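Engineer: Okay, here's the structure, questions in a sec.
The values are calculated or read from the model by the stated rules, or taken from the named source; none is laboratory data. As the structure is a prediction and not an experimental result, all values here were calculated from the model. Ideal geometry is used to build each Cβ from the backbone, glycine not excepted, and the neighbour counts take in all protein chains shown. All accessible areas refer to the heavy atoms of the entire protein, side chains included, with ligands and DNA or RNA removed. Shrake-Rupley method; radii C 1.70, N 1.55, O 1.52, S 1.80 Å.
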Amino acid sequence: MLITSVAILANPIAGSGKAASIASKLQEVLTNYHISNKVYIRQWPTHELLDEFSDCWIIGGDGTINYFINHYPHCKSCISLFDGGTGNDFAWKLYGNISLEQKIKLLLSATPKLIDAGQVNDKLYINCLGVGFDGEILQSMKAIRFIGGHYGYLLAVLYKIFRFRETTIKIKSETESWHEKFLLAMVVNSSRAGGGFNIAPPAEINDGALNMVLCKKLPIWKRLWYLPIIKSGKHLALPFVVHQLGKHFTIQCEQELPIQMDGELFFASQLEIKVLSNQFLFRF
C-alpha cells in the first residue's frame, strides 16, 4: 500500500513547540517526493476529510497519539508517529532510536501493519494504563513538563516513592482475582512508559492481548531498592510482582483514584479494560 497523500497532524504544545518545526521538515520532504500533503496544527480535519488521505503522520508524544485515537477511533488511513512530546514511549516501540531522516526513509517503503489498542471504560489507549501510583506521578505534570521526558518522570517517581500510600484495589482477570493493597497496577499494550521505564518487556502490540503488571505493597526502602530493577525491566519474576496476559480486566477502587492513560490523566473508581485487536493500521 503506497503513500499517495499525507495529512501531517502536529500538536502545537507538544515538546515545547518543536512539533511545528518538524511538520515543516516533513512537508518539504513529501513535496520533494511529489506526494500530496497538508499540515494541520491548531485545527485538525474532520473524520471524513482525514479518510481522504492514504496516511496520517502525527507529531507529538504519547498524549498526542492518545488524543488522535480517541478523536478518530475508526481511522482507516495508515498512521505514522514522529517524536515530538515529553513522553515518546510508543514511538520508541515502533521505531527505536532512529533519526528523523532514517524514519522518513523507513516509512516511505514500510508495509502497513495492524496493531491492537486498549479500551478503558469509554476511552481508548494505545501504550499504557496505570492506576494509583502511576496516576499520582502524572499529577506532578509541572516537573515532568519543565524538565522533560524521562528525567521529569524520574523526579516525580522519587518524590512519590516517599509520599505514596497504597489503597486497597480489587482486580479481576479472566482467570484470577486479587483484593489487596497495590503499589502499582498497570494494564499495558506496549512495553515501555515514563520515557524509559520497561514496565512489561515481553509486551507486543499485535498479539491480541494486554499485559497486566501488579506490584504489591512495599516499604519505602524496597521501593528505592527495586526502582532501577523495574526501570531495566528485570522485575517480572520478583515475588511481589504479578504479570499476566489477558483480553479483559476489571479494577475496582475504594475511592476515585488518578488514572494515567498514555500520559493523560483522569479519575475513576471502576475500570473495565479490554483489548481491541487489529484496531489501527501503522507503518513501522
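Engineer: Identify, please: which residue in the stretch 1-18 is under 14 Å from ILE58 (Cα atoms) and assigned to a loop (DSSP other than H, G, I, E, B) and is, among those, modelled with the highest pLDDT?
Structural biologist: Ranking the candidates gives ASN11 first.
Engineer: Output the residues belonging to the stretch 96-110 that are under 22 Å from SER191 (Cβ atoms) and aliphatic (A, V, I, L, M).
Structural biologist: ILE98, LEU106, LEU107, ALA110
Engineer: Hey, any hits in the stretch 17-38 for a residue that's in contact with a Gly (Cβ under 9 Å, 6 or more places away or on another chain), under 18 Å from PRO73 (Cβ atoms) and of a type outside the set (Ser, Thr, Tyr)?
Structural biologist: No, the stretch 17-38 has no match at all.
Engineer: Test each condition in (1) in contact with a Phe, Trp or Tyr (Cβ under 9 Å, 6 or more places away or on another chain); (2) under 23 Å from LEU124 (Cβ atoms); (3) surrounded by 15 or more Cβ atoms within 10 Å (Cβ to Cβ) for HIS47 and report the one that comes out false.
Structural biologist: Among (1) in contact with a Phe, Trp or Tyr (Cβ under 9 Å, 6 or more places away or on another chain); (2) under 23 Å from LEU124 (Cβ atoms); (3) surrounded by 15 or more Cβ atoms within 10 Å (Cβ to Cβ), the lone unmet condition for HIS47 is (3).
Yes/no matrix, rows are residues, columns are (1) assigned to a helix (DSSP H, G or I); (2) in contact with a strand residue (DSSP E or B) (Cβ under 8 Å, 6 or more places away or on another chain); (3) charged (D, E, K, R):
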position	(1), (2), (3)
ALA20	yes, yes, no
GLN27	yes, yes, no
VAL39	no, yes, no
GLN43	no, no, no
PHE53	no, yes, no
ILE59	no, yes, no
ILE65	yes, yes, no
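Engineer: Could you check LEU9 against (1) under 29 Å from GLN119 (Cα atoms); (2) in contact (Cβ under 8 Å) with a residue 12 or more places away in the chain; (3) open to solvent by 60 Å² or more (accessible area, probe 1.4 Å) and say which number it fails?
Structural biologist: Evaluating LEU9 over (1) under 29 Å from GLN119 (Cα atoms); (2) in contact (Cβ under 8 Å) with a residue 12 or more places away in the chain; (3) open to solvent by 60 Å² or more (accessible area, probe 1.4 Å) leaves (3) as the failure.
Engineer: Residues of the stretch 202-223 being open to solvent by 70 Å² or more (accessible area, probe 1.4 Å) and either among the acidic types (Asp, Glu) or under 24 Å from GLU180 (Cα atoms) (or both), which ones?
Structural biologist: GLU204, LYS217, TRP221
Engineer: Residues in the stretch 125-137: is at least one at pLDDT below 95, in contact with a helix residue (DSSP H, G or I) (Cβ under 6 Å, 6 or more places away or on another chain) and either surrounded by 14 or more Cβ atoms within 10 Å (Cβ to Cβ) or not acidic (Asp, Glu) (or both)?
Structural biologist: Checked the stretch 125-137: at least one residue is at pLDDT below 95, in contact with a helix residue (DSSP H, G or I) (Cβ under 6 Å, 6 or more places away or on another chain) and either surrounded by 14 or more Cβ atoms within 10 Å (Cβ to Cβ) or not acidic (Asp, Glu) (or both).
Engineer: From GLN252, GLN260, grab the single residue that is surrounded by fewer than 18 Cβ atoms within 10 Å (Cβ to Cβ), under 14 Å from VAL131 (Cβ atoms) and within 23 Å of the chain's Cα centre (by Cα). If you could, list the steps in order and put the result at the bottom.
Structural biologist: On the way: GLN260 fails: surrounded by fewer than 18 Cβ atoms within 10 Å (Cβ to Cβ).
Just one listed residue meets the conditions, GLN252.
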